[in-house]
1. Among Ser52, Ala10, Thr125, whose Cα sits farthest toward the positive end of the charge dipole of the range 1-133 (+1 at Cβ of Lys/Arg, -1 at Cβ of Asp/Glu, about the Cα centre)?
2. Enumerate the amide H contacts of Ser102 below 5 Å, restricted to partners 5 or more residues apart or on another chain; note that Pro and chain-start residues carry no placed amide H.
3. Looking at the chain, I'd like the Rg to Rh ratio, where Rg is from alpha-carbon atoms and Rh is Kirkwood's inverse mean 1/r.
4. What whole-number value in Å² describes the accessible area per residue of the chain for a 1.4 Å probe?
5. Given the chain, what count of lysine pairs have C-alpha atoms under 22 Å apart, with each pair 8 or more places apart or on different chains?
6. Can you tell me the relative contact order of the chain? Whole percent, Cα pairs under 8 Å, sequence separation 6 or more.
7. Would you work out the charge dipole size for the range 54-137 about its Cα centre, treating the Cβ of every Lys and Arg as +1 and the Cβ of every Asp and Glu as -1, and quote it to the nearest 20 debye?
8. Give me the percent of the accessible area of the range 96-152 that comes from carbon and sulfur atoms, probe 1.4 Å, all protein chains in place.
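The values are calculated or read from the model by the stated rules, or taken from the named source; none is laboratory data. Every value quoted in this text rests on a predicted model; they were computed, and no experiment measured them. Cβ placement follows ideal geometry from the backbone for every residue including glycine, while neighbour counts extend to all protein chains displayed. Ligands, DNA and RNA are excluded from the accessible area calculation, which covers all protein heavy atoms including side chains. Shrake-Rupley method; radii C 1.70, N 1.55, O 1.52, S 1.80 Å.
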Amino acid sequence: MINFIMGPTAREIFAERVDPSEMEPFLASFRAYRLDEVLGAWKPFHDVVANSIERTCRKHGVIFEAKDAQALYDAVPTWQPHPDVPGPLSRIADHYPLVILSNSMVDLIPHSARNIGVPFYAVLTAEEAGAYKPLMRPFEYMFDRLAVRPKI
């Protein structure tokens, strides 16, 4: 729902340190390392970001600074929903209980939910579930919290 612009944000942060001809491979590595980081044991999202960008920098021979990871993490609350999200959600909000199951953290998700601008019945995070999507544990956590079972 949120336009998660981690790649474009990293592009801005590293514009002076990554050659333009190497930027796409750098961003592809960053994307792959983020996935790799969430498939292991749960860790705070700040650590996911920091570890993945540090690994990317090491792979590409770019100097890593802790402020890079902090800048990426700090940008997340400012990101807005995709343009086609709020309208349809607002039209169905009176008819269906809307639920967010996010790979976010408890401190970040209120910003995203507020930026979407519709009421949510429940807002659940990877931090609360102790796991990130695409693992199944967050979905199981959601079903338990909502006291529902998926229809098979």
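1. In the range 1-133, that residue is Thr125.
2. Amide H to amide H, under 5 Å and 5 or more residues apart or across chains, Ser102 pairs with Leu124, Thr125, Ala126.
3. On the way: Rg = 17.0 Å, Rh = 16.8 Å.
Reported Rg/Rh (Cα atoms, Kirkwood Rh): 1.01.
4. That works out to 58 Å² per residue.
5. For the chain, the number of qualifying lysine pairs is 5.
6. Dividing the mean separation by the residue count of the chain yields 23 percent.
7. Roughly 260 debye for the range 54-137.
8. C and S atoms contribute 59 percent here.
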